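Trainee: Can you keep this structure in mind? I'll have questions shortly.
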Amino acid sequence: MKKYEEIKRILTQDLGFTDLTAYRRWIEDVRPSVRPTEEIIERLSPDTIDCRDFWRVCEELFGDDPVCNVAVTPRVGSLPYAIETRIDSNRMNLRLAKSLGVITFLEEFAQDRLKTLEIGPGFGSLKNYIESHTAHIYTGIDVFPRIPGVLEATAEGFIPEELVERERSLLGYVIASNVFQHMSSRQRTRYFHDAHALLREGGLFIFNTLVDSGRAPVRDKNGNAWCDHYGQYTLIPKIGSIYEEVSARFGILYVTQRYDGVFNFVCQKQA
Ligand SMILES: C[S@@+](CC[C@H](N)C(=O)[O-])C[C@H]1O[C@@H](n2cnc3c(N)ncnc32)[C@H](O)[C@@H]1O
């Protein structure tokens with residue numbers, strides 16, 4: 001497993017991402033012509049690195065950008081002003097969650113004090129919302145906890161097993177907004193499995209992620225679509241495969257599709 005020093009060397013020396021300006025330049029000049037090979041994918045794959053170290057190095061080199069991703073200049077969902085603070089990042093990310101309908105489901109039983117686990121809270125865009133607008137009991141899990149009330153995931157990027165055992169069948173919600181596109185298929189599958197274990201019957205698993213609906217620009221020689229994030233490539237699942245995987249465990253209640261291939265799933269643990 002690659003650790004902090006090697007990850008930092010790959011990013012700064014091999015890729016030349018010494019700061020956000022250098023990374024932005026790469027996005028404009030180099031990214032459009034990169035076709036990910038096995039070697040490029042393997043180099044910083046979430047399955048071969050310490051995921052905690054990767055996100056730590058990214059924060060040291062690129063500041064808040066790994067959480068708000070404005071370096072890639074999103075066409076939809078950006079705010080009408082520059083993202084200058086973590087609060088601004090939260091405003092932008094909350095807008096994504098709201099536009100996909102995540103909030104509606106959290107508010108439906110707002111006063112029920114349901115145990116809620118968020119995967120990958122970043123700076124707490126949803127945490128702040130949940131704690132100020134509902135009575136739900138919040139816990140977060142992140143490979144790089146940045147705010148109070150968030151536990152640390154394992155180096156492999158999983159929920160620690162003791163947490164799954166302790167909270168088995170107790171949760172009303174498991175949520176992941178703007179997170180799963182940064183995971184390997186193996187990590188996503190593990191989270192699907194753990195979300196099912198953690199939820200009580202009727203509990204909701206709400207997540208959004210990129211799905212290959214034909215629009216993703218970065219493709220390998222076989223035509224598979226990849227999400228790239230600071231030199232890390234993660235497979236964008238095809239619509240059929242993600243439906244199949246999720247519906248093997250959950251009842252799928254709603255799916256919202258954004259123009260660019262971000263899909264939001266609202267799934268229920270059924271009897
Ligand atoms: C783009 S940020 C989104 C933050 C937040 N969900 C929001 O929308 O404001 C992605 C977050 O996922 C976290 N993350 C990445 N891989 C993870 C993993 N395997 N397990 C838990 N968190 C992860 C990152 O540290 C980061 O906080």
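The values are calculated or read from the model by the stated rules, or taken from the named source; none is laboratory data. Quick caveat: nothing in here was measured; it's all calculated off a predicted structure. Every residue, glycine as well, gets a Cβ built from its backbone with ideal geometry; the counts of neighbours run over all protein chains shown.
Trainee: Which ones in the range 103-118 are over 21 Å from the mean Cα position of the chain (by Cα) and either within 16 Å of the ligand (Cβ to nearest atom) or within 20 Å of Tyr191 (Cα to Cα) (or both)?
Mentor: Once the filter is applied, which keeps residues that are over 21 Å from the mean Cα position of the chain (by Cα) and either within 16 Å of the ligand (Cβ to nearest atom) or within 20 Å of Tyr191 (Cα to Cα) (or both), the range 103-118 yields only Leu114.
Trainee: Consider Pro121 against the criteria (1) touching a helix residue (DSSP H, G or I) at 6+ places or on another chain (Cβ under 7 Å); (2) within 24 Å of Phe263 (Cβ to Cβ); (3) away from the ligand (no atom under 14 Å from the Cβ): it satisfies all of them except one. Which criterion is unmet?
Mentor: (3)
Trainee: Right, here's the next one. Within the range 135-148, restricting attention to residues that are assigned to a strand (DSSP E or B) and more than 7 Å from the ligand (Cβ to nearest atom), which residue is surrounded by the fewest Cβ atoms within 10 Å (Cβ to Cβ)?
Mentor: Restricting to residues being assigned to a strand (DSSP E or B) and more than 7 Å from the ligand (Cβ to nearest atom), the top hit is Ile137.
Trainee: Now, a different point. Looking at the range 158-174 only, could you name the residues that are among the hydrophobic types (A, V, I, L, M, F, W, C) and closer than 20 Å to Asp50 by Cβ?
Mentor: Across the range 158-174, the qualifying residues are Phe158, Ile159, Leu163.
Trainee: Please indicate, with yes or no, whether at least one residue in the range 236-258 is crowded, with 16+ Cβ neighbours inside 10 Å, at pLDDT 95 or above, closer than 30 Å to Gln13 by Cα and of a type outside the set (Lys, Arg).
Mentor: Checked the range 236-258: at least one residue is crowded, with 16+ Cβ neighbours inside 10 Å, at pLDDT 95 or above, closer than 30 Å to Gln13 by Cα and of a type outside the set (Lys, Arg).
Trainee: Is it the case, given these coordinates, that Asp88 is among the acidic types (Asp, Glu), farther than 17 Å from Phe207 by Cβ and either under 17 Å from the mean Cα position of the chain (by Cα) or surrounded by 14 or more Cβ atoms within 10 Å (Cβ to Cβ) (or both)?
Mentor: yes
Trainee: Considering only residues that are over 25 Å from Glu60 (Cα atoms) and within 11 Å of the ligand (Cβ to nearest atom), which ones fall in the range 124-134?
Mentor: Within the range 124-134, just Tyr129 meets the criteria.
Trainee: Report the residue count in the range 149-181 for those that are in a loop (DSSP other than H, G, I, E, B), more than 8 Å from the ligand (Cβ to nearest atom) and over 24 Å from Ile7 (Cα atoms).
Mentor: Counting residues in the range 149-181 that are in a loop (DSSP other than H, G, I, E, B), more than 8 Å from the ligand (Cβ to nearest atom) and over 24 Å from Ile7 (Cα atoms) gives 4.
Trainee: Restricting the search to the range 33-59, which residues are over 19 Å from the mean Cα position of the chain (by Cα) and either within 15 Å of the ligand (Cβ to nearest atom) or touching a residue at least 12 places away in the same chain (Cβ under 8 Å) (or both)?
Mentor: Val34, Arg35, Pro36, Thr37, Ile40, Arg43
Trainee: Still on this structure, please answer the following. When you scan the range 191-203, do you find a residue that is assigned to a strand (DSSP E or B), closer than 26 Å to Asp260 by Cβ and out of contact with any Pro (no Cβ under 6 Å at 6 or more places or on another chain), even just one?
Mentor: no
Trainee: Say whether the condition of being in contact with a Leu (Cβ under 8 Å, 6 or more places away or on another chain) and of a type in the set (A, V, I, L, M, F, W, C) is met by at least one residue in the range 46-57.
Mentor: yes
Trainee: Only one of Arg35, Arg43 is surrounded by 14 or more Cβ atoms within 10 Å (Cβ to Cβ) and basic (Lys, Arg). Can you tell me which?
Mentor: Only one candidate qualifies: Arg43.
Trainee: Go through (1) more than 13 Å from the chain's Cα centre (by Cα); (2) part of a helix (DSSP H, G or I) for Gln187 and report which single condition fails.
Mentor: (1)
Trainee: Could you name every one of the helices (runs of 4 or more DSSP H) located completely within the range 38-121 that has at least 2 residues being of a type in the set (Asp, Glu)?
Mentor: 38-43, 51-62, 102-108
Trainee: With the structure loaded, tell me whether Arg35 is out of contact with any helix residue (DSSP H, G or I) (no Cβ under 9 Å at 6 or more places or on another chain), within 30 Å of Ser169 (Cα to Cα) and assigned to a loop (DSSP other than H, G, I, E, B) or whether it fails that test.
Mentor: When the stated conditions are applied, Arg35 does not pass them.
Yes or no, residue by residue, for (1) at pLDDT below 95; (2) surrounded by fewer than 23 Cβ atoms within 10 Å (Cβ to Cβ); (3) not charged (D, E, K, R):
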site	(1), (2), (3)
Pro121	no, no, yes
Ala153	no, no, yes
Gly157	no, no, yes
Glu201	no, yes, no
Gly214	yes, yes, yes
Gly231	no, yes, yes
